[in-house]
Amino acid sequence: MPRLLLIEDDLTIRTPLARALRDRGHAVAAASTAMAGLRDALDDRPDLVVLDLGLPDLDGRELLRMLRAVSAVPVIVATARDDETEIVRVLDAGADDYVVKPFTAAQLDARIRAVLRRGGASAEVTTLAVGGLRVDPRSRQVTLDGAPVELTPREFDLLHHLAARPGEVVTKRELLTEVWQIPYGGADKTVDVHLSWLRRKLGESAQQPRYLHTVRGVGVRLESPGGGG
Ligand code: CA
């Protein structure tokens with residue numbers, strides 16, 4: 001039975017939502033402040049956290065960053081805003097998915113099961129090797145020619161997605177959908193910005209690419225500098 005931690009200060013949401021999630025087969029613990037939620041997440045090690053962004057003691061995004069610094073627990077954020085800026089921000093801060101208020105318990109339950117499935121699937125994946133690049137999805141560590149490369153969670157996801165399909169052109173639209181889980185276009189800049197950060201960390205540039213090759217107007221392709229993947 002999946003163990004959930006629900007961090008939500010509003011009693012009129014928390015109580016019925018916890019009950020509905022229990023009815024759907026989850027074990028649910030609840031916290032009403034960010035600090036209590038952080039403590040419970042570390043002490044009780046839940047399988048997944050549902051985090052309300054509007055908390056009385058600390059902004060939910062700040063809590064998400066603090067949590068991400070010390071834990072890889074999957075997090076689904078509940079936000080009152082559904083604009084793209086907000087959604088990109090919470091996904092970049094390390095959320096695995098989001099629901100926009102008001103949402104139903106059925107929708108949240110479906111997203112919880114999808115996130116838990118993804119987590120279970122990635123545990124079976126092995127280290128990817130392309131040229132001198134090693135991408136380990138279990139430890140989420142990357143080395144280039146044997147030297148560790150420090151990446152943000154989003155940069156790791158981006159590199160992992162590209163390294164899983166060496167030599168193939170991956171479109172920005174696909175990256176937005178698969179890496180950022182944004183189901184529509186129009187945020188190409190997000191991909192470009194993260195690609196440029198990733199390039200810098202891999203010691204290359206768009207002008208002098210080694211692994212990451214931009215295909216103008218189409219997308220990006222990761223390949224071994226020696227050829228042959
Ligand atoms: Ca709230």
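The values are calculated or read from the model by the stated rules, or taken from the named source; none is laboratory data. Because the structure is predicted, anything quoted here is derived from the model rather than measured. A quick note on method: Cβ atoms are made from the backbone with ideal geometry, for glycine too, and the neighbour counts reach across all protein chains shown.
Summary table below
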item: Looking only at the stretch 126-142, and only at residues there that are over 19 Å from Ala69 (Cα atoms) and of a type in the set (A, V, I, L, M), the one that is surrounded by the most Cβ atoms within 10 Å (Cβ to Cβ); result: Val135
item: Within the stretch 1-58, tally of residues that are buried (at least 19 other Cβ atoms within 10 Å of the Cβ) and farther than 22 Å from Pro102 by Cα; result: 3
item: Only one of Ala78, Ala123 that is at pLDDT below 90 and among the hydrophobic types (A, V, I, L, M, F, W, C); result: Ala123
item: Condition check for Arg111: more than 13 Å from the chain's Cα centre (by Cα) and either at positive phi or more than 13 Å from the ligand (Cβ to nearest atom) (or both); result: yes
item: Qualifying residue in the stretch 90-105 (condition: closer than 24 Å to Thr152 by Cβ, buried (at least 20 other Cβ atoms within 10 Å of the Cβ), in contact with a Phe, Trp or Tyr (Cβ under 8 Å, 6 or more places away or on another chain) and of a type outside the set (Ser, Thr, Tyr)); result: yes
